[in-house]
Amino acid sequence: MIIATGLDELRTARLLLDPEVGLVPTMGYLHEGHLSLIRKAKAECRSVVVSIFVNPTQFAPTEDLAKYPRDLERDLKLIEPIGVDLVWNPTPEIMYPSGYQTWVEVDALTKRLEGAMRPTHFKGVTTVVAKLFNAVQPQRAYFGQKDAQQAAVIRRMTRDLDFPVEIVVCPIVREPDGLAMSSRNKYLEGDDRKAALVLFRALSAAKDAYQAGERDAEVLRRKMKEVIQAEPRAQMQYVSCADYDSLEELESVSGKTLLSMAVLIGKTRLIDNFVLE
Ligand code: PAF
C-alpha cells in the first residue's frame, strides 16, 4: 500500500495503478461505514485509492474542525488488510495553497436541509471532491447514504460538470441497536449515547406509518417530531420527508423518498435518514 502526501507523489503513484480506479474519499477516523465503502470499491474496481483529509473548508468557524478526531496510524491499520493500493493524505496547504480562491458550488440543492443549517458546508464539500476527482481521476467514487444530501449534491455536481465518474452510494452501516455509524459518535457518552437512539426510533416510527399505508408527508414529519420531542436530551434541528433527488419537501409520498433529520444530543449534532422506495 503506497501512502502519498504531495500532489506529485499522488500523480506518480496513480499512473502505476491498473485503470478502473475506485476512489473512497474520507476525512479519516474510519469506522465500519467507511470500511464497507472501501470493501465495495475493492470488490468492484481493479485499483482502490482512499483519500484521508479533514477538509477545513466544509467546517464553519463555529464547528468542530480543531477537535475533529484524527488518527492516521489507526486508519492505515484498518485499511491495509482490505488491499487498498494507494492512500492520499494531503495537508491543508497542499489542497489550499496560499492565494487559493476557486470554488465549486451546486445551487438550489445545497440551500435545503443541511445546507440551510450549515450555509457554507456544501461549497467546501463540492470543491474538495472536485479537486479529489481531478487529482485521482477515478472511474468510480464511493459515498455513504448516511450523508444523503451530500450524495445528492455530488451526483448533481458530477452530472453538471461532466466528470467521467460513476457515483456509487452505499447503505448506512448501523450499530446493533440502530445508531448510524459516524466519526462523531465518539463524542456520545453515557446517557447521550442512549438518547442518540431517538433518531432511529423517530425514523422507524415514520417508516412503520408509511408501511401501514400513510402517504401524507406532513403526517410522517409529525410522527418523527413527536418521537424526538419526547426525548429530553434531544433538540430537533429539522425533520424532512422529501423527494430523494431534488430534496424538495413533499405533500404526499409517491416515488423514491428521503426521510431525514438532524438532532442535537447535548453538544453532538447527529444526522440520519431512511429511504422509502
Ligand atoms: O463525507 C465525508 O467524509 C466528506 O464530506 C468528504 C466527502 C470526504 C469530503 O471531505
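Quick check on Val219: is it within 28 Å of Lys111 (Cβ to Cβ), of a type in the set (A, V, I, L, M) and free of Cβ contacts under 8 Å to residues at least 12 places away in the same chain? Yes: the conditions hold for Val219.
For beta carbons closer than 7 Å, sequence separation of 6+ or different chains, a first residue in segment 5-30 that is more than 16 Å from the ligand (Cβ to nearest atom) and in a helix (DSSP H, G or I) and a second that is open to solvent by 30 Å² or more (accessible area, probe 1.4 Å) and of a type outside the set (Val, Ile, Thr), the qualifying pairs are Arg14/Gln137. When Ser254 is tested against the conditions (1) free of Cβ contacts under 8 Å to residues at least 60 places away in the same chain; (2) buried (at least 17 other Cβ atoms within 10 Å of the Cβ), the lone failure is (2).
For Val54, the stated conditions do not hold, so it cannot be described as within 12 Å of the ligand (Cβ to nearest atom) and in a helix (DSSP H, G or I).
One residue stands out among those in segment 253-265 that are of a type outside the set (A, V, I, L, M, F, W, C) and touching a strand residue (DSSP E or B) at 6+ places or on another chain (Cβ under 9 Å): the one that is nearest to Ile172 (Cα to Cα), which is Ser260. Within segment 167-201, the residues that satisfy the criterion of being over 19 Å from the mean Cα position of the chain (by Cα) and charged (D, E, K, R) are Asp177, Glu189, Asp191, Asp192, Arg193, Lys194, Arg201. A count restricted to segment 137-182 and to residues that are open to solvent by less than 20 Å² (accessible area, probe 1.4 Å), farther than 19 Å from Leu23 by Cβ and in a loop (DSSP other than H, G, I, E, B) stands at 2.
Of the residues making up segment 197-210, those that are open to solvent by less than 20 Å² (accessible area, probe 1.4 Å) and closer than 15 Å to Val239 by Cα number 5.
So, Leu113, is that one buried (at least 19 other Cβ atoms within 10 Å of the Cβ), of a type outside the set (Ser, Thr, Tyr) and either closer than 22 Å to Asn273 by Cα or in contact with a Lys or Arg (Cβ under 6 Å, 6 or more places away or on another chain) (or both) or not?
Yes, satisfied.
Among residues of segment 116-127 being under 13 Å from the mean Cα position of the chain (by Cα) and crowded, with 21+ Cβ neighbours inside 10 Å, the one that is farthest from Leu10 (Cα to Cα) is Phe122.
Considering segment 31-46, and only residues there that are among the small types (Gly, Ala, Ser) and within 14 Å of the ligand (Cβ to nearest atom), the residue that is most open to solvent (accessible area, probe 1.4 Å) turns out to be Ser36. Of the candidates Val125, Val136, the single residue that is under 21 Å from Lys40 (Cβ atoms) and near the ligand (Cβ under 10 Å from one of its atoms) is Val125.
For segment 139-157, the tally of residues that are near the ligand (Cβ under 9 Å from one of its atoms) and among the polar types (S, T, N, Q) stands at 1. Of all the criteria given as (1) within 17 Å of Ala180 (Cα to Cα); (2) polar (S, T, N, Q); (3) free of Cβ contacts under 8 Å to residues at least 24 places away in the same chain, the one not satisfied by Gln229 is (1). Among all positions in segment 222-238, there is no residue which is crowded, with 18+ Cβ neighbours inside 10 Å, of a type outside the set (D, E, K, R) and either closer than 15 Å to Ala148 by Cα or in contact with a Cys (Cβ under 7 Å, 6 or more places away or on another chain) (or both).
The one condition from (1) crowded, with 17+ Cβ neighbours inside 10 Å; (2) away from the ligand (no atom under 13 Å from the Cβ); (3) of a type in the set (Val, Ile, Thr) that Val49 does not meet is (2). Looking across segment 66-124, the residues that are touching a residue at least 24 places away in the same chain (Cβ under 8 Å), hydroxyl-bearing (Ser, Thr, Tyr) and in a loop (DSSP other than H, G, I, E, B) come down to Tyr68, Thr91, Tyr96, Thr102, Thr120.
The values are calculated or read from the model by the stated rules, or taken from the named source; none is laboratory data. All values reported here derive from a predicted model rather than from experimental measurement. Glycine also receives a Cβ, built like all others from the backbone with ideal geometry; neighbour counts cover every protein chain displayed. Note: accessible area is taken over every heavy atom of the protein model, side chains too, but ligands, DNA and RNA are not part of it. Shrake-Rupley method; radii C 1.70, N 1.55, O 1.52, S 1.80 Å.
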